[in-house]
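Taking it in order: structure first as structure tokens, then the write-up.
The values are calculated or read from the model by the stated rules, or taken from the named source; none is laboratory data. This structure is a prediction, so every number in the text was calculated from the model and none was measured. All Cβ positions, glycine included, derive from the backbone under ideal geometry; neighbour counts span all protein chains shown. Protein only, heavy atoms only, side chains kept; ligands, DNA and RNA dropped before computing areas. Shrake-Rupley method; radii C 1.70, N 1.55, O 1.52, S 1.80 Å.
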Amino acid sequence: MLFFSYFKDLVGREVTVELKNDLAIRGTLHSVDQYLNIKLENTRVVDQDKYPHMLSVRNCFIRGSVVRYVQLPADGVDTDLLHDATRREARGG
Amino acid sequence: MSGGPGLESLVDQLISVITNDGRNIVGVLKGFDQATNIILDESHERVYSTKEGVQQLVLGLYIIRGDNISIVGEVDEDLDSNLDLTELRAHPLKPIIH
């Protein structure tokens, strides 16, 4: 649940989601759920010339299972806080 | 779960689904469930190639298993009607490799 909470805190921020088919989509994080499914708004594909497949899509749902990376805003992560929370979760709460 | 990225808001709207094998299916969302299984009505596949424009294959009523879905995009119908698919050329999308 840690990363679910983490992503919930990022709602409203601009992120780039790279998929396991190499497609990278940039947009504003609208919401996330327990499966780390992601909804983005005002999306654009990073390389639109190579991937014109989503030219008429501005809002999209991305299935959590196909996400390879989420590129975050530089100030989007408090590493010390996440570090502690990760240790706590590893210890079992 | 309220507030999550559900597909409720897209029901009866035109959506564009990208599947794990790289296909692009466009149709009207009629239903979905927890596993992202999806029912599409009046659907067609858009086949991309570098040799010719986008081909559209009529599929009709379709169920797509959630396991096989990568993206569900809300189609902006204005943007979509301004697209000249006959002139659009691109490699098909690569399959998802887990």
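Worth pointing out:
- Computed on the protein assembly as shown, the Cα convex hull volume stands at 119 Å³ per residue.
- Expressed as a whole percent, the accessible surface of chain B that belongs to carbon and sulfur atoms is 51, based on a 1.4 Å probe.
- Leaving ligands and nucleic acids aside, the B/A contact buries around 2800 square angstrom of accessible area in total at a 1.4 Å probe radius.
- Partners of A:LYS8 within straight-line reach, counting lysines whose Cα lies under 19 Å from its Cα and excluding those fewer than 8 residues away in the same chain: A:LYS39.
- Heavy-atom accessible area, 1.4 Å probe, ligands and nucleic acids excluded: residues of segment B:47-66 down by at least 30 Å² from chain alone: B:TYR48
- Taking only alpha carbon atoms, segment B:8-82 gives an Rg to Rh ratio of 0.96, where Rh is the Kirkwood radius.
- The mean accessible area for residues of segment A:2-90, using a 1.4 Å probe and ignoring ligands and nucleic acids, is 51 Å² per residue.
- Over segment A:38-93, the Kirkwood radius and the radius of gyration, each from Cα atoms, give a ratio Rg/Rh of 1.14.
- Net charge in the neighbourhood of B:ASN20 (other residues with Cβ under 12 Å of its Cβ; Lys, Arg +1, Asp, Glu -1) is +3.
- Pairs of Cα atoms nearer than 8 Å and 6+ residues apart set the relative contact order; for chain A it is 28 percent.
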